[in-house]
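The values are calculated or read from the model by the stated rules, or taken from the named source; none is laboratory data. All figures in this text were calculated on a predicted structure; none of them were measured in a lab. Positions of Cβ are generated from backbone atoms using ideal geometry, with glycine treated the same way; all protein chains shown enter the neighbour counts. Heavy atoms of the whole protein, side chains included, go into the accessibility calculation; ligands, DNA and RNA do not. Shrake-Rupley method; radii C 1.70, N 1.55, O 1.52, S 1.80 Å.
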Amino acid sequence: MRDDTGRDVRLTAPARRIVTLSPHATELMVAAGAGDRLVGVDQNSNYPPDVKRLAQVGNPLNLDIERVLALKPDLIVAWDYAASGSTAGKLPMALLDSLGIAVFYSRPAVLADIPDTLERFGRLAGTGSVAAPRAAQLREQLHSLTAAYARQTPVRTFYQLSGQPIYTLNNRSIIGDALRVCGADNVFGTLPAAAPMVSVEGVLLANPQVIVVGASQDAQTGSGAGDAALAQWKAFAPGLTAAARGHLFVADADRMHRPGPRMIEETRTLCEHIDQARKPK
């Protein structure tokens with residue numbers, strides 16, 4: 001199976017003991033029907049809730065190699081550190097690879113890569129009968145969203161990845177692809193950096209029609225850090241179109257910033273929010 005760095009990953013039999021080192025990989029492996037084959041996860045994997053009972057092996061930048069080896073995995077799924085330029089992330093993976101453990105690097109770059117990755121995980125784990133129909137369902141959801149929104153009147157949109165300092169994403173990110181599916185015009189989409197830092201003045205000058213803040217939300221109350229960010233933007237009304245018209249929204253970061261099945265579901269909510277800006281008050 002070819003991974004997202006172009007490496008061929010070979011297994012003599014379907015993987016039975018899998019360690020995932022990225023929350024998106026954990027979610028996709030479970031969705032592919034291989035949840036019972038997971039023996040370890042990274043410290044940030046928390047969905048579905050049952051995975052929190054598994055052995056935690058730290059994170060790729062601070063990986064407990066001994067604990068990983070004690071789990072005797074026949075497959076490790078890690079983020080594509082080559083794309084991020086993280087030497088620190090690549091070193092422990094190279095060590096595990098040198099010990100004969102298969103390492104599959106995953107980095108879905110566009111929404112369409114999510115069902116493709118799910119299918120590949122199903123083949124690696126021998127659970128294709130579960131993964132294939134689930135992938136087909138996700139493709140249908142994505143097709144439906146694209147058909148409904150992608151060719152609608154573009155809506156100037158600012159996606160805030162984080163604040164203080166303010167970071168956003170360009171069009172080459174997977175979130176940029178989600179905005180494209182929604183028919184949004186990413187106001188900072190053409191910047192060269194994948195995650196450029198922008199100023200308040202820059203946002204005001206771009207004057208987006210919609211502002212979306214990606215932030216973690218409390219599952220029970222629905223509130224979180226995003227509410228404070230929205231309140232800051234509201235203060236710039238009436239000069240800021242998005243604030244003046246009330247088109248300020250929070251995207252759940254756990255769902256939107258992890259390229260798994262829930263990201264496609266959250267994209268539907270994103271599209272619905274953006275579409276509101278097309279409708280007259």
Amide H contacts under 5 Å for R17, placed H, 5+ residues apart
D74, L75
What is the extension gain from R16 to A194, computed as 0.36 nm multiplied by their sequence separation minus the C-alpha to C-alpha distance, in nm to one decimal?
60.5 nm
Please list, in order along region 192-204, the HN-Hα scalar couplings obtained from phi with the Karplus expression 6.51 cos²θ - 1.76 cosθ + 1.60 (θ = phi - 60°), rounded to whole Hz, x for Gly and Pro.
x, 6, 5, 10, x, 8, 10, 9, 4, 4, x, 5, 5
Can you work out the FRET efficiency for the pair R53 and D227, with r the C-beta to C-beta distance and R0 = 25 Å, to the nearest 0.05?
0.20
Would you rank S162, S129, S106 by solvent-accessible area, highest first, keeping every protein chain in place and using a 1.4 Å probe?
S129, S162, S106
Global geometry of the chain, whether rounded, prolate or oblate, following the gyration tensor of its Cα atoms and the 1.5 cut on a/c
prolate
Leaving out ligands and nucleic acids, note down the accessible area per residue over the chain with a 1.4 angstrom probe, in whole Å².
46
Using the Cα gyration tensor of region 131-229, with a ≥ b ≥ c the square roots of its eigenvalues, what is the shape: rounded (a/c below 1.5), prolate (a/b larger than b/c) or oblate (neither)?
oblate
HN-Hα J couplings of region 125-140 from phi, Karplus 6.51/-1.76/1.60, θ = phi - 60°, integer Hz, Gly and Pro as x?
9, x, 10, x, 5, 8, 5, 4, x, 5, 5, 4, 5, 5, 5, 5
Whether region 155-281 is rounded, prolate or oblate, judged on the alpha carbon gyration tensor where a/c under 1.5 counts as rounded:
rounded
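Do you know the Lys pair count in the chain for C-alpha distances under 23 Å, with sequence separation 8 or more or different chains?
Qualifying lysine pairs in the chain: 4.
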Any idea how far apart Q276 and Q152 come out in nm if each label point goes 7 Å out from Cα toward Cβ?
1.2
List every residue whose amide H lies under 5 Å from the amide H of S162, counting only residues 5 or more places away in sequence or on a different chain, with H placed 1.01 Å from N in the peptide plane.
Y167
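Can you check what the net charge comes to around Q43, using other residues whose Cβ is under 14 Å from the Cβ of Q43 (Lys, Arg +1; Asp, Glu -1)?
Working: positive: K52, R53, R67; negative: D42, D64.
Summing Lys/Arg as +1 and Asp/Glu as -1 gives +1.
Highest first, please rank the peptides 176-184, 193-201 by the mean number of other Cβ atoms sitting within 10 Å of their residues. It would help to have the intermediate numbers written out before the result.
Working: 176-184: 24.1, 193-201: 12.9.
Ranking the peptides 176-184, 193-201 by packing returns 176-184, 193-201.
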Can you put F236, F121, F188 in order of accessible area, largest first, using a 1.4 Å probe?
F236, F188, F121
Quantify, in whole percent, the carbon and sulfur part of the accessible surface of region 149-278 (1.4 Å probe; protein heavy atoms only).
51
Quote the accessible area belonging to W233 in square angstrom, nearest 10, computed with a 1.4 Å probe and with ligands, DNA and RNA left uncounted.
10
